[in-house]
Every structure is written in structure tokens, then in C-alpha cells.
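The values are calculated or read from the model by the stated rules, or taken from the named source; none is laboratory data. Since the structure is predicted, the reported quantities are computational estimates derived from the model, not experimental observations. FYI the Cβ positions are ideal-geometry reconstructions off the backbone, even for glycines, and counts take in every protein chain you see. With ligands, DNA and RNA removed, areas are computed over all heavy atoms of the protein, side chains included. Shrake-Rupley method; radii C 1.70, N 1.55, O 1.52, S 1.80 Å.
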Amino acid sequence: MKRLIPVFAIVVLVLAALAYRPPVPAVSAQSRQPAGTSHSGKAFRFNKVRDGVYHAVGTGSLAVVGNSAFIVNDNDVIVVDDHVSPAAAWVLLEEIKEVTDKPVTTVINTHFHFDHAHGNQIFGPGVQIIGHEFTRRMLLSNSIGMPLYQGYINGMPGQIEGLRKRIAAEADPAAKAKLQTQLQITENNFASQKELKPTPPNVTLSSQMTLYRGSREIQIRFLGRGHTAGDVVVFLPNEKVVITGDFLTAGLSNMSDSYPEEWVASLDALKRLDFDTVLPGHGDAFTDRTKIDHFQAYLRDVWTEVSRLKRQGVPAEEAAKRADLTKHKANLPIQGPGVPPLAATRIYDLIDSAGK
Ligand SMILES: [Zn+2]
């Protein structure tokens with residue numbers, strides 16, 4: 001008996017150690033406030049689309065760029081995308097606190113682009129950041145060296161300089177004040193970008209993952225390459241809501257890292273989901289599913305038009321000016337001929353690499 005007591009005590013201790021789980025931190029963000037968070041009024045408009053499901057769209061008082069969405073569950077909050085900077089994500093969390101005191105336990109990155117994933121670093125180690133394997137790879141390697149972000153960040157000092165000059169030259173006090181606000185917003189964004197540490201997802205998926213929160217089901221789905229090689233959409237089957245990032249926006253989507261031909265097929269896969277409301281990464285929420293057809297038609301034609309110019313020997317920069325997609329004017333925000341230069345160079349690169 002005497003010999004059994006220490007063994008029994010050890011077994012109890014081992015079981016207690018195995019059962020111990022560190023408490024989930026109540027505060028999910030890091031404690032230090034990032035630079036560049038100051039702004040006046042609300043930074044976000046939270047559009048409630050279902051009970052507990054919100055689409056967060058910037059008001060313009062802080063540079064946030066992309067939209068996010070958040071889902072308030074029984075015990076926690078899930079955030080989808082976290083904007084352009086640590087500052088923007090920080091302010092998002094501050095404003096979410098006005099809706100709920102439940103902790104943010106989970107962040108989903110729809111893709112790696114700066115305007116959707118550059119807030120990742122403010123979340124503490126207890127927060128799961130979920131994204132496609134490709135998203136992790138990009139944020140771990142060279143996402144900020146890509147032309148899209150380089151163009152964005154390198155343009156900022158010039159924008160600040162330009163605004164300063166316009167402020168100095170402006171006589172009208174109201175116009176001057178407006179420019180000053182713009183300058184402040186740009187300077188804050190620049191200050192926050194300087195603190196940027198691209199932070200990859202710490203949980204990845206390659207095709208599909210489902211989170212369950214009480215009766216709520218949150219599906220994270222990769223539907224094929226499109227806007228990037230690793231976009232996921234967040235689909236709430238009970239609520240018939242899909243959060244699409246830039247895989248499908250309210251207007252045109254950036255094409256700098258895209259696979260336009262495959263994107264059309266991937267959008268077909270999206271159409272097979274049973275939803276009636278789309279929360280896009282840019283623009284307001286919408287219910288009109290024909291927007292998907294319009295965007296698919298545009299993608300097909302961009303490819304045809306730009307590759308036709310390439311076959312004629314037109315340089316990519318010139319093709320970007322000449323490519324005529326104006327027949328899509330009625331359905332998409334198109335003013336005149338031309339496509340973004342990064343769209344044309346991307347298509348040229350894809351054709352060249354396919355030929356190798
Ligand atoms: Zn994007």
C-alpha cells in the first residue's frame with residue numbers, strides 16, 4: 001500500500017497536467033497600439049446583413065482599403081480579412097468592441113494581398129489565422145516585393161508631397177481643410193506601413209475547412225485559381241451568405257496575380273453554392289448573382305483582347321492602353337478603352353510562361 005501511494009500521486013499529477021489547457025486570452029490583440037490609428041469619427045460602417053453577420057466598409061476617415069466582414073458567434077468573433085495596415089486592423093477591433101465584447105479568436109485571410117492581410121500582425125499568438133497554403137507561402141516570402149504592393153508603397157511619399165503642395169496653394173478654407181484631412185490619412189497609413197511585418201496564416205488549408213460555432217457553420221472553400229492562386233471564400237450555408245474577398249467584388253477586381261482563364265471556371269464553382277448575398281472585398285454587399293456572369297464575360301474578353309494585341313507584337317504597356325473592353329460598360333465600371341497595366345503585363349507573362 002505504502003508503495004502504491006507515490007505511484008497514485010504521480011498518475012494524478014500526470015492526468016492533471018494532461019488535462020490542463022491554458023486559458024483562452026480574453027484580449028486577442030497585442031497590447032501595444034500601432035502607429036497611425038488616429039482619425040475622426042468612425043473608421044467603419046458595419047452593415048448588418050444577418051444576425052451576427054456584418055460587412056465592414058471603410059468610411060474614408062482612415063485608410064482601410066479593402067472591406068472586411070465579421071461573424072459574432074455564441075462565444076467568439078471570426079474576422080474575415082483585416083485591411084491594409086496594422087493600424088486599420090487595430091481600429092477595426094476597437095470598433096467591433098462597440099458591437100460585442102466577445103473575443104476575436106479567428107481571422108480568415110481570403111488571399112495574401114496587402115489590402116486584405118496586412119493587419120494580421122496585431123493578433124496575438126492565441127488567435128488562429130486561417131488561409132490557403134499559397135497565402136501563407138506568399139506572406140512568408142515575397143508578398144511585399146510584388147509589383148502590386150511596391151506600386152502602392154512607393155507611390156505614397158509622392159502623394160504626401162503632392163498633397164502638401166496643394167494645401168499650400170489652396171486659398172479656400174473648406175477645400176484646404178479637406179486636403180489636410182487627406183494628408184493626415186495618407187501620413188497615418190504611411191506610418192503604419194513602416195511598422196509592417198507581413199504575418200502569414202498559422203492554420204492553412206488546400207481545398208476546404210469547416211468551422212462550427214453552435215448551430216452556425218462556416219465553410220472556408222478554395223474554388224480554384226482565380227484572382228490569385230490561393231483565394232478562399234467564406235460560405236455560411238444556413239445564412240446563404242458568401243464572403244468573397246477579391247475573388248468577386250462589386251466591380252472589377254485587380255488582376256496582377258490572377259489566372260484569368262481559370263478564374264472563369266472557378267467562378268462557375270462559386271455559382272454552384274447556394275447563397276443569396278455576397279459580401280465582396282471591395283464595394284457594397286449585393287444580391288444580384290448576374291454580376292458573376294458579367295464579370296466572367298469581362299474576364300474572357302480581357303484575355304482574348306490582350307492576347308490578340310500580344311500576337312500583333314504590341315508591347316504590354318501599349319496593349320494596356322489599347323485593350324477595348326468598353327462593351328462591358330453597362331455592367332461594370334469602365335470609362336473608356338484600356339485595362340490596368342498590371343493586368344496586361346500579367347496576361348503577357350502567363351502566355352510567355354505557357355509557351356516555355
Ligand atoms: Zn486582392
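Observations
- Rolling a 1.4 Å probe over the protein heavy atoms of the chain, with every protein chain left in place, gives an accessible area that is 56 percent carbon and sulfur.
- Fraction of beta bridges assigned by DSSP in the chain that are antiparallel (%, nearest 5): 65 percent
- Sequence of T244, T326 when ordered by accessible area, the most exposed leading, probe 1.4 angstrom: T326, T244
- In the context of the full set of protein chains, residues of segment 25-122 present 33 Å² of accessible surface per residue (probe radius 1.4 Å, heavy atoms only).
- Surface calculation, 1.4 Å probe, protein heavy atoms: F114 sits at approximately 20 Å² accessible.
- Longest site-free stretch - the chain; sites: GluC sites (Glu not before Pro), DSSP loop, at most 15 other Cβ within 10 Å: 196-356
- Candidate lysines for bridging to K271, where Cα separation is under 16 Å - those fewer than 8 sequence places away on the same chain excluded: K240, K291
- Residue by residue, segment 81-91 carries 3J(HN,Hα) couplings of 6, 9, 6, 8, 7, x, 4, 5, 5, 4, 5 Hz when phi is fed to the Karplus relation 6.51 cos²θ - 1.76 cosθ + 1.60 (θ = phi - 60°); x denotes Gly or Pro.
- For the chain, the longest principal axis of the C-alpha atoms and the axis of helix 290-311 are separated by about 60°.
- When shorter helices are ignored and each DSSP H run of at least 4 residues is given -39500 (n - 2.57), the per-residue value for the chain at 222 nm works out to -12500 deg cm²/dmol.
- Accessible surface, 1.4 Å probe, highest first, among residues L309, L350: L350, L309
- Note on the chain: dipole from Cβ charges, positive end direction compared against F295, L270, A35; the farthest Cα belongs to A35.
- Accessible-area ranking of D301, D246, largest first, probe 1.4 Å: D301, D246
- Compactness relative to 2.2 N^0.38 Å, alpha carbon Rg of segment 207-334: 1.16
- Reachable lysines from K197, criterion Cα separation under 28 angstrom, eight or more residues apart if same chain: K42, K97, K102
- Nearby aspartates and glutamates by direct alpha-carbon distance to K48 (threshold 13 angstrom, same-chain neighbours under 8 apart not counted): E239, D284
- Using only the C-alpha atoms, the convex hull of the chain corresponds to 183 Å³ per residue.
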